[in-house]
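What follows is one structure encoded as C-alpha cells, with my remarks underneath.
A short reminder: the numbers here are calculations on the coordinates, not readings from a lab. Not measured: the values here are computed from a predicted model. Cβ sites come from the backbone with ideal geometry, for glycine too, and all protein chains shown count toward neighbours.
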Amino acid sequence: MRFETTVQGTVVVLRVDGVLAEEHLTNFAEQLEQRVSNGQPRIVIDMSAAIALDSATMELLLDVQDACLRRGGAVKLVGVHGLCREIMEINEVDRLFESFPSQVAAIGSFAT
C-alpha cells in the first residue's frame, strides 16, 4: 500500500494505492491520527487506485470517522469500486461514509 497526502484549503486528501491491509497500515494510521489531533478533521480518502481492504482497514476508517465527527469534520471517500466496494457493502460499512465520484466533489461537499 502506498499513499500520498495533500491539503486543499482546510481539507486533507489522502490518495491510497494498492491493497489496504493491516500489515501496511501503520504509517497510514499515524498520518490520519496526526491530522485529526492537529485540528484537521476534514478528510477525503481517494480510493480510486485501491485494490482491496481488510477488516483492520475498515476499523481504522471507522475510528478516524468517529474522531473527525467529534471535532466537527468527517471522512469522505472517493472512487470506491470493485472489491473494495463489495467488501464495504457486505460489512455494511459503506453506509457510514459519504462517497463521491471525484476529489473535487468530495472537497466541495465540506463547503455546504
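Please compute the contact order of the chain in relative form: average sequence separation of alpha-carbon pairs under 8 Å and at least six residues apart, divided by the residue count, as a percent.
Normalised by residue count, the contact order of the chain is 25 percent.
Could the peptides 58-68, 27-37 be put in order, highest first, of the mean number of other beta-carbon atoms found within 10 Å of their residues?
Details: 58-68: 17.8, 27-37: 16.1.
So the peptides 58-68, 27-37, ranked by packing, come out 58-68, 27-37.
For the pair Thr112/Leu96, report the inter-label distance in nm, with labels modelled 7 Å from Cα in the Cβ direction.
2.4
Using 0.36 nm per residue of separation minus the Cα-Cα distance, give me the extension gain between Val19 and Arg85 in nm, one decimal.
On the way: separation 66, 0.36 × 66 = 23.76 nm, distance 1.30 nm.
The span from Val19 to Arg85 would gain 22.5 nm if fully extended.
For the chain, give the magnitude of the charge dipole about the Cα centre (Cβ charges: +1 Lys/Arg, -1 Asp/Glu; no others), in debye to the nearest 20.
Numbers: 9 positive and 16 negative charges, 115 e Å.
The calculation lands at about 560 debye.
Rounded to the nearest 500, what is the 222 nm mean residue ellipticity of the chain from helices alone, with -39500 (n - 2.57) per DSSP H run of 4+ residues and division by all residues?
About -12000 deg cm²/dmol.
May I ask you to compute the full-extension gain from Arg70 to Ala52, defined as 0.36 nm times their residue separation minus their alpha-carbon distance, rounded to one decimal in nm?
Gain on stretching Arg70 to Ala52: 3.7 nm.
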